[in-house]
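Report on one structure; see the data block that follows.
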Amino acid sequence: MTKSSLWRIGAWSLIVGALLVTFANLLAPQGGAREAVASGGYYPSAFINLLGGLILMSAWPVAYLYQRAESGRAGFVGFVMVAVFGMALTVGFPTILLLIYPWLSHLSITSHTLNTGPNIFNFFFAISSGLVSVGGIIFGIATMRAKVFSRQLGMGFIVLSFASSILGFLSLPGGGGIHMSWWWATTGTFGVIAYMIGMGWYGVEIILKLRSTAD
C-alpha cells in the first residue's frame with residue numbers, strides 16, 4: 001500500500017468519523033433518561049456516536065503527521081490534548097451511554113437523579129470540553145505557522161474550537177446526566193458539531209492536496 005493511499009484512508013476516516021458523530025448527536029432523542037432509552041432512536045444514536053468517535057480518533061493522528069515537522073512542539077502538544085480529551089468525549093462518554101445508562105434506567109433510581117446524573121459529570125464535561133478546545137486552538141495556531149494546510153483551516157479550527165467550548169459550557173446545567181432539554185440540545189449538540197466541522201476539514205484538505213499532487 002502506497003503512502004498516498006494511507007493518507008487518503010486516514011483523511012476519509014476523519015471525514016466519515018466526524019459525519020457519524022454529527023449525525024448521532026442530531027439523532028439523539030430528547031427527554032428524560034427512561035423515555036430516551038425506551039425510544040427507538042436511543043440505541044442507534046448511541047452506537048453510531050461510539051462508532052464515529054472510534055473512527056474519528058483513530059484517524060486524528062493523520063492531521064498531525066501530515067504537518068509533523070512543520071508544526072513543531074505546538075503541533076504535538078495540541079495534537080495530544082485533542083487526542084486525549086477528544087477520546088474521553090467521543091468514545092468514553094458514548095460508551096457509558098450505550099452500556100451503562102440502559103442498565104441504570106431499569107433500577108429503582110428516581111428520574112431526577114437519573115436525569116441529572118452525578119455532579120462529577122459536570123466536572124468531567126467542563127474540564128474535558130475546556131481542554132480539548134484549548135488543544136484545538138493550539139493545534140490551529142500550529143497549523144497556521146506550519147503553512148502546510150491553508151491559513152483558513154488553521155484560523156477556522158481556532159474559531160470552531162473556541163465556539164465549541166462556549167457552547168459546551170452553556171450546556172453544563174443540563175448536561176450532567178442524560179436528560180436532553182431544548183436548551184441542552186441547542187448548545188451542547190451544536191458545540192459538538194462545531195468541533196466536528198474542524199476535524200473533518202483536515203481530512204478534506206488532505207484529500208484535495210493529494211488530488212492536486214496526482215494531477
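Each reported figure results from applying straightforward, stated rules to the coordinates on display, with no laboratory input. As the structure is a prediction and not an experimental result, all values here were calculated from the model. Note that we place each Cβ from the backbone using ideal geometry, even for glycine, and neighbour counts take in every protein chain shown.
Using Cβ counts within 10 Å as a stand-in for footprinting exposure, how do MET1, MET196 rank, fewest first? Before the final figure, lay out each step's value.
Details: MET1 6, MET196 25.
In order of increasing Cβ crowding within 10 Å: MET1, MET196.
Run lengths n ≥ 4 of DSSP H only: what is the helix-derived mean residue ellipticity at 222 nm for the chain, with -39500 (n - 2.57) per run over all residues, to the nearest 500?
-26500 deg cm²/dmol
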Exercise for the section: In vacuum, with every alpha carbon of the chain counted as one equal point scatterer, what does the Debye formula give for log10 I(q)/I(0) at q = 0.13, 0.14 Å⁻¹? Two decimals, please. Expected result: -0.70, -0.80
Fill in the blank from the handout: Exposure-ranked with fewest Cβ neighbours within 10 Å first, TRP103, TRP60, TRP7 stand as TRP103, TRP7, TRP60
Completion exercise
Rounded to two decimals, the Rg over Rh value of the stretch 1-107 from Cα coordinates and the Kirkwood Rh reads 1.10
Practice task
Report relative contact order for the chain in percent, whole number only (criteria: Cα-Cα under 8 Å, sequence separation at least 6).
Solution key: 29
